[in-house]
Amino acid sequence: MDFSSKLLENAVNEVSRLPGIGKRTALRLVLHLLKQPKENTKYLTEALSLVRNEVKSCVKCHNISDTTLCDICTNPNRNAELVCVVEDIRDVMAIENTGQFRGVYHVLGGKISPIEGVGPQNLQIESLVSKVKNGEVKELIFALSSTMEGDTTNFYIFKQIESYHITTSTIARGISVGDELEYADEVTLGRSIVNRIPFEQSLKG
Ligand SMILES: [Zn+2]
């Protein structure tokens, strides 16, 4: 791509570093900004800068939050003993959208994936096991996507907490294998949480 402006080239290069954005799309976005009032770019860069610098991780569930403890963890109407284990904030958002879950979450921050070099120590697994050990959890719902990495992660956690005899369940799969949670429709996902099945039963299937 030949640019008539170094400044334009630089901006396009930065934008194209984002996932799913090629050089052409980056150019389109930057040219769009150039046609807009200058304030719009200011609001955009300020919002990005603020979220990058100020956002926190909830100390209890590790969800992305503006405060030390997130709104879900501090809500007295949520059942803190019912913990849904998810990969990231997108899963929390998807499950919250169903309106079918009144427990709390534990956000792992990913899935065990030897290929991508993600081991249990890279995820929020130890803090989850601690919660179980401390008797804070009555039921753990595994809600990771049913990929090989998701199953591996579920099983790894299950083995760590098996001896504490809490209820473990997994969301019923109205969702076909390999679907990411975030893409499941709300009704199906909501139903799969209500109709969750004992974890050990899912191992036999
Ligand atoms: Zn929280």
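The values are calculated or read from the model by the stated rules, or taken from the named source; none is laboratory data. Quick caveat: nothing in here was measured; it's all calculated off a predicted structure. Quick reminder, even Gly has a Cβ in these numbers, built from the backbone with ideal geometry, and neighbours come from all protein chains shown.
Some points to look at:
- Residue list for the range 99-117, restricted to those being over 14 Å from the mean Cα position of the chain (by Cα) and without any contact (Cβ under 8 Å) to a residue 24 or more places away in the chain: Pro114, Ile115, Glu116, Gly117
- Flag if Ile72 is surrounded by fewer than 18 Cβ atoms within 10 Å (Cβ to Cβ), of a type in the set (A, V, I, L, M, F, W, C) and either outside the structural domain of Ser145 (by TED's automatic domain parsing) or assigned to a helix (DSSP H, G or I) (or both): no
- Qualifying position, being within 16 Å of the ligand (Cβ to nearest atom) and of a type in the set (Lys, Arg), among Lys35, Lys56: Lys56
- Check on Asn53, surrounded by fewer than 10 Cβ atoms within 10 Å (Cβ to Cβ) and in a helix (DSSP H, G or I): yes
- Hey, Glu200 surrounded by 13 or more Cβ atoms within 10 Å (Cβ to Cβ) and either at pLDDT 80 or above or part of a helix (DSSP H, G or I) (or both) or not: no
- If you go through the range 61-70 and keep only what is without any contact (Cβ under 8 Å) to a residue 24 or more places away in the chain and within 8 Å of the ligand (Cβ to nearest atom), you end up with Ser65, Leu69, Cys70.
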